[in-house]
Amino acid sequence: MSLAEYLARPEILRLPAFDLGKRDGNPFGSETIKLDANENPFPPLGSAGVNRYPEPQPIRLRVAMAALYGVAPDSFLVTRGGDDAIDLLVRTFCRPQEDAVAVCLPTFSAYAHFANLQGARVIEARLGADFAFEPKRLLDAVAGEANLKLVFICSPNNPTGTPVESADVLAVADALPNTMVLSDEAYLEFSDTPSLADEATRRPNLIVLKTLSKAFGLAGARVGGLVAAPETIAMVARAAPPYPLPTLCIDEALKALSPARRAVHLERIERIKAERERLAPLLATSPIVHCVHGSAGNFLFLEVNDAEALSRRLDTLGIRIRFRPNAAPGGVRLTIGTPEENDAALRAFEVPATAAPKQRRAELVRDTKETRIAVSVDLDMAEPRRIDTGVPFFDHMLDQVAAHGNFSLLLSCDGDLDIDAHHSVEDCAIALGEALGRALDDKRGIGRFGFALPMDETEAQVLIDLSGRPFCRFEGAFDATHIGAYPTEMTPHVFRSLADSMRAAIHVRVDGQNDHHKVEACFKAFGRALRQAVAREGAADALPSTKGVL
Ligand code: PMP
């Protein structure tokens, strides 16, 4: 008998097993005549597919999330957010009025909430000094408890931000072999603590909670899940409702997890972490803050002197934060927002925020039937540069543009390379041009023209006018049909696409013998020209045009 079976409520054991493996019997795919589920046959007047019930356990999403967390699909259960995962666990294992769960306060309130709903007792231990997790305090609090079914450990902890050492979670699991230990990793992506996901697939009493709400920005789609031994997953699934995840949410989650978007998500996490590190010392100088706790989440936990006055001031400024007086006197939890939002919060905390220059960055996703692309550019940062178009030579060319243009570029494309490189190259150029155009915004405070003249036996010249009027002239010819998988004939096309999507005039002239050199020189020269065209110059609000608009 598995531990999950041993611990499950008798009502759960009497339920039929949840069919986790299969799609619900559509051997003919979309051609299947579906007269089985009392659905409405007519296509929806809104989003495609929603007249049909979703899969009970969306298999593609399950596979994608399992891969994301590095575990096998049968060790992963997709749930309607992490909240639902907590509820399922409590309902699977806790008999009302008999069983208990344990929490380490202050922590996420949902653990006790769902336990109370189920009629389970909540045993409360407390975190140690500076909210550090101490296994002994928890083990002392539960000593002698015969019916302890679940222990909740939150790492990093909400609301305090404190991470829990993996060794401490495992020590609790070792000490309580007949209790399920849940390690809640909702915020783990913002910390340096390694995940226990892999360990959870091997230990019968360890479960890890995951969510796409935080690191993947999908709080509104309600997608999370549990990692555990397959027997535990199968047992918990019995408590799930028939169709827990709406089709639209499944689609959103699959989009968010598409390989093309991964780099942008990772970069956003880094930016949130950098903002957290910027804010913490600044908030420590606030006259109303007397303690800023080190945090490994996407939030900071502070203790303030006069929470009521702060609350009134925030109300008038339209800023919402969480007051957590039960966690600590004057305790507040501040989520890390955009730099502009964070600056507004700093002012509310009476910290003079140095008005950062307007950010010149843009992110965009562009999905078609042929390509799925995500791009992020920051014209005021030289790093990071990570480019993955699927066409290695084109990666190298775009890297040249960003390196010589002196801007940060993340670009990934998941395209139909099985046909050829055409769509990927073209669509990446369009997406990059659009992102550059957006990052430049109203073009105030920049120089308008750029040019360059490099290299070897080859001579290339690129002139740019960020005029708002798309135009492209390309003078040059190539003999080689391809450089690697990159079709040489795409070069004029790429500049044309860039001109159109950036709404710029781009003139390229190239002359030489070696086609590799010639293509590379065009891209390098373009980067150099762009560097000059977008460099901040003169007054921040000066427009480089006598027309007053570009
Ligand atoms: N765990 C923790 C520690 C949380 O703070 C939250 C949400 N705030 C969750 C789990 C659940 O997240 P969701 O339901 O959005 O997936």
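The values are calculated or read from the model by the stated rules, or taken from the named source; none is laboratory data. In this text, all values refer to a predicted model and were calculated from it rather than measured experimentally. Note that each Cβ is placed from the backbone with ideal geometry, even for glycine, and that neighbours are counted across all protein chains shown. These area figures cover heavy atoms from the full protein model, side chains too; ligands, DNA and RNA do not enter into them. Shrake-Rupley method; radii C 1.70, N 1.55, O 1.52, S 1.80 Å.
What residues have an amide H closer than 5 Å to that of residue 535, excluding those fewer than 5 places away on the same chain, when H is modeled at 1.01 Å from N in the peptide plane?
Long-range HN contacts for residue 535: 447.
Quick one: check the C-alpha center-to-center distance for region 264-282 versus region 462-489, whole angstrom.
Here the two parts' Cα centres lie 37 Å apart.
Quick one: with all protein chains in place, what share of the accessible area of region 298-453 is carbon or sulfur, to the nearest percent (1.4 Å probe)? Display every interim value, and only then the final one.
Values: 3540 of 7030 Å².
For region 298-453, the apolar C and S fraction of the accessible surface comes to 50 percent.
Which residues does a label at residue 480 reach in region 402-442, if reach means a backbone N under 19 Å from a point 7 Å past the Cα toward the Cβ?
Label zone hits: 421-422, 425-426.
Considering the convex hull of the alpha carbon atoms of region 6-95, report its projected area averaged over all viewing directions, in nm², one decimal.
Numbers: hull surface 33.1 nm².
For region 6-95, the mean projected area of the Cα convex hull comes to 8.3 nm².
Just the Cα atoms of region 311-444: what Rg and Dmax do they give in Å?
Rg then Dmax for region 311-444, in Å: 20.4, 63.
Once the Cα atoms of helix 339-348 and of the chain are each reduced to a long axis, what angle between those two axes, in degrees from 0 to 90 to the nearest 10, is obtained?
Between the helix axis and the principal axis of the chain, the angle is about 60 degrees.
With axes computed from alpha carbons, what is the tilt in degrees of helix 81-93 against the longest principal axis of the chain, rounded to the nearest 10 within 0 to 90?
That works out to roughly 20 degrees.
Can you give me the angle between helix 422-440 and the longest principal axis of the chain, using Cα atoms only, in degrees from 0 to 90, rounded to the nearest 10?
90
Among 243, 221, 191, whose Cα lies farthest out toward the positive end of the dipole of region 174-253, if unit charges sit on the beta carbon of Lys, Arg (+1) and Asp, Glu (-1)?
Most positive-ward Cα: 243.
Can you tell me how much longer the chain between residue 17 and residue 2 gets when fully stretched, taken as 0.36 nm per residue apart minus their C-alpha distance, in nm with one decimal? Kindly include the intermediate steps, with their values, before the conclusion.
Values: separation 15, 0.36 × 15 = 5.40 nm, distance 1.46 nm.
That pair, residue 17 and residue 2, stretches by 3.9 nm at full extension.
May I ask what percent, to the nearest 5, of DSSP beta bridges between residues of the chain are antiparallel? Working shown, then result.
Numbers: 48 of 75 bridges.
Of those bridges, close to 65 percent are antiparallel.
Please say if region 350-413 is rounded, prolate or oblate, where rounded means a/c under 1.5 for a ≥ b ≥ c the square roots of the C-alpha gyration tensor eigenvalues, and otherwise the choice is prolate for a/b larger than b/c and oblate otherwise? Mind showing how you got there, number by number?
Working: a/c = 3.92, a/b = 1.79, b/c = 2.19.
Judged from the Cα gyration tensor, region 350-413 comes out oblate (a/c at least 1.5, b/c at or above a/b).
Using θ = phi - 60° and the Karplus relation 6.51 cos²θ - 1.76 cosθ + 1.60, list the HN-Hα couplings for region 307-322 in order, rounded to whole Hz, with x at every Gly or Pro.
4, 5, 5, 4, 4, 5, 5, 5, 4, 5, 8, x, 10, 10, 10, 9
Normalised by the residues of the chain, what does the relative contact order come to in percent, with Cα pairs under 8 Å and at least six apart? Show your work: numbers first, answer last.
Details: 1154 pairs, mean separation 59.6, N = 550.
Once normalised by length, the contact order is 11 percent.
For region 169-283, give the share of DSSP beta bridges that are antiparallel, in percent and rounded to the nearest 5; count only bridges with both residues there.
Numbers: 4 of 8 bridges.
Bridges in region 169-283 are about 50 percent antiparallel.
Give me the one-decimal Kirkwood hydrodynamic radius in Å for region 140-221, with the sum taken over alpha-carbon pairs. Intermediate values should be presented prior to the final figure.
Working: mean 1/r = 0.0745 Å⁻¹.
Computed over region 140-221, the radius equals 13.4 Å.
Given H placed 1.01 Å from N in the peptide plane, which residues other than close sequence neighbours of residue 415 have an amide H under 5 Å from its amide H?
372
Would you please classify the overall shape of region 154-278 from the alpha carbon gyration tensor, given that a ≥ b ≥ c denote the square roots of the eigenvalues, rounded means a/c under 1.5, and beyond that prolate means a/b larger than b/c while oblate covers the rest?
On the way: a/c = 2.24, a/b = 1.15, b/c = 1.94.
Cα axes put region 154-278 in the oblate bin.
Between residue 39 and residue 53, what is 0.36 nm times their sequence separation minus the Cα-Cα distance? Round to one decimal in nm. Don't jump to the answer; show the numbers that get you there.
On the way: separation 14, 0.36 × 14 = 5.04 nm, distance 0.75 nm.
Answer, rounded to one decimal: 4.3 nm.
If you wrap a convex hull around the C-alpha atoms of the chain and split its volume per residue, what is the figure in Å³? Walk me through the numbers before you get to the answer.
Numbers: hull volume 106.1 nm³, N = 550.
Value for the chain: 193 Å³ per residue.
Let me know the charge dipole size of the chain about its Cα centre in debye, to the nearest 20, where only the beta-carbon of Lys, Arg (+1) and Asp, Glu (-1) is charged.
Working: 60 positive and 74 negative charges, 262 e Å.
Taking the Cα centre of the chain as origin, the dipole is about 1260 debye.
For region 459-527, what relative contact order do you get, as a whole percent, if you take Cα pairs closer than 8 Å and at least 6 residues apart?
On the way: 117 pairs, mean separation 34.5, N = 69.
Contact order relative to length: 50 percent.
For a test of the definition: using alpha carbon positions, the gyration tensor, and the 1.5 limit on a/c, classify region 91-150 as rounded, prolate or oblate. Write out the running numbers ahead of the final one.
Working: a/c = 3.14, a/b = 1.54, b/c = 2.04.
Oblate, since a/c reaches 1.5 and b/c is not below a/b.
Which of the residue pairs 255/369; 255/358; 214/273 have a Cα-Cα distance greater than 19 Å in the structure shown?
Numbers: 255/369 13 Å; 255/358 30 Å; 214/273 12 Å.
In this structure, 255/358 exceed 19 Å between Cα atoms.
Which one, 35, 181, 46, projects farthest toward the positive side of the charge dipole computed for the chain from Cβ point charges (K/R +1, D/E -1)?
46
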